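Written below as structure tokens is the structure these notes are about.
The values are calculated or read from the model by the stated rules, or taken from the named source; none is laboratory data. Computed from a predicted structure; not experimentally measured. Virtual Cβ from ideal backbone geometry, glycine too; neighbours counted across all protein chains shown.
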Amino acid sequence: MPFGSWLAVVVLRIVARLPFRWLHKIGAAGGRLVYARSAGMRARIVDNVRGARIAGESDIAVERFARACAVELGKGMMEILPLWFGRVEDMMTRVRLDATWDAVQPLFAAGKGVMFLTSHLGAFEVAGQFLAQNMKITIMYRRPRIAWLDPVLRHARAQGQARLTTADTRGVRALLQALKKGKRSASCPTRCPRKAMGSWPTFSGAPPIRQR
């Protein structure tokens, strides 16, 4: 691992030891800062809030709701750190199983391949770490655009029995191979393909989110 990436892991492991109330305060401050300084992020959040019609028609109400969303997104990002950097065992004690976990047990017993799909923010990280702590599983992973972050995120996500694969056609083949062999795999259903991949219909009159 390059020195810069290693140093980032060390710092993040220290930050991950903070109590949740402090992580939330840091995340909230970060969310407010990004909302204030990033015009692109601010416009995207405002557009999503307005399109979902969950804050009324008033521009003031939409702006207030969007700013609150940015704060909560910041908190959510900081909540991921304990899962990624040194506190996964502690975090697993907080996981509560429901009937969906019981429903897949017969499939495991029969040697069937199983693919787990979860929502993106928060839930995907918790579910992925839980699965990796309990079974061998192939998980789709997208490399970040910032090169030095890639070793950091691979270190964070490749815990337990997780096997990472790239979020592209190669990764799709890896997931299919795992399923055909009766193994387990996981992915986030909100992956954003690149522009060159597939066709792009509008949804509720809006274009889909795509990578550049």
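Quick notes on this structure:
- Evaluation of Gln133 against (1) modelled with pLDDT of 90 or more; (2) among the polar types (S, T, N, Q); (3) more than 18 Å from the chain's Cα centre (by Cα) (one fails), failing number: (3)
- Residue within region 62-82 that is more than 18 Å from the chain's Cα centre (by Cα), acidic (Asp, Glu) and under 30 Å from Arg50 (Cβ atoms) present: yes
- No other residue among Met41, Met77 is closer than 21 Å to Phe124 by Cβ, in contact with a Gly (Cβ under 8 Å, 6 or more places away or on another chain), modelled with pLDDT under 95 and not small (Gly, Ala, Ser) apart from Met77.
- Arg163 meets each of the listed conditions (1) assigned to a helix (DSSP H, G or I); (2) within 21 Å of Val9 (Cα to Cα) apart from (1).
- The set of residues from region 2-36 being touching a residue at least 24 places away in the same chain (Cβ under 8 Å) and closer than 26 Å to Ala66 by Cα comprises Phe20, Leu23, His24, Ile26, Gly27, Ala28, Ala29, Gly30, Gly31, Arg32, Val34, Tyr35.
- No other residue among Leu23, Leu97, Leu33 is among the aliphatic types (A, V, I, L, M) and in the same structural domain as Gln129 (by TED's automatic domain parsing) apart from Leu97.
- Filter result for Arg50 (under 25 Å from His155 (Cα atoms) and charged (D, E, K, R)): no
- Taken over region 109-128, the criterion of being within 22 Å of Leu176 (Cα to Cα) and either without any contact (Cβ under 8 Å) to a residue 40 or more places away in the chain or of a type in the set (Val, Ile, Thr) (or both) is satisfied by Ala109, Ala110, Val114, Thr118.
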